[in-house]
1. Looking only at the range 40-58, count every residue that is in a helix (DSSP H, G or I) and surrounded by 12 or more Cβ atoms within 10 Å (Cβ to Cβ) and tell me the total.
2. Scan the range 5-17 and report the pairs whose first residue is more than 12 Å from A52 (Cβ to Cβ) and whose second residue is surrounded by 13 or more Cβ atoms within 10 Å (Cβ to Cβ), with Cβ atoms within less than 6 Å and a gap of 6+ or a chain change.
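Taken together, the values in this text are just the output of simple stated rules run on the coordinates, not laboratory data. Bear in mind that the values here come from a model prediction, so they are computed numbers and not experimental data. Cβ placement follows ideal geometry from the backbone for every residue including glycine, while neighbour counts extend to all protein chains displayed.
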Amino acid sequence: MQHFSTLRIAFNALPYFALLAVAYGLHHRRKILYYLVVIDGLLLVKACCGIAGSYFGG
């Protein structure tokens, strides 16, 4: 666990749960722009959660 707090682990695990939710939700064929926006959104969520985890997680 590397002495990480529970809050830091929770913030860093959140993007993976979001990725699973998005993966299960993408059943229909859509345009490529939609997929690019979804991937960029997930990257933004991961970055925000990493920043929040380092700020609030101690």
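1. Here the count works out to 11.
2. Going by the 6 Å Cβ cut-off, the qualifying pairs are S5/G57.
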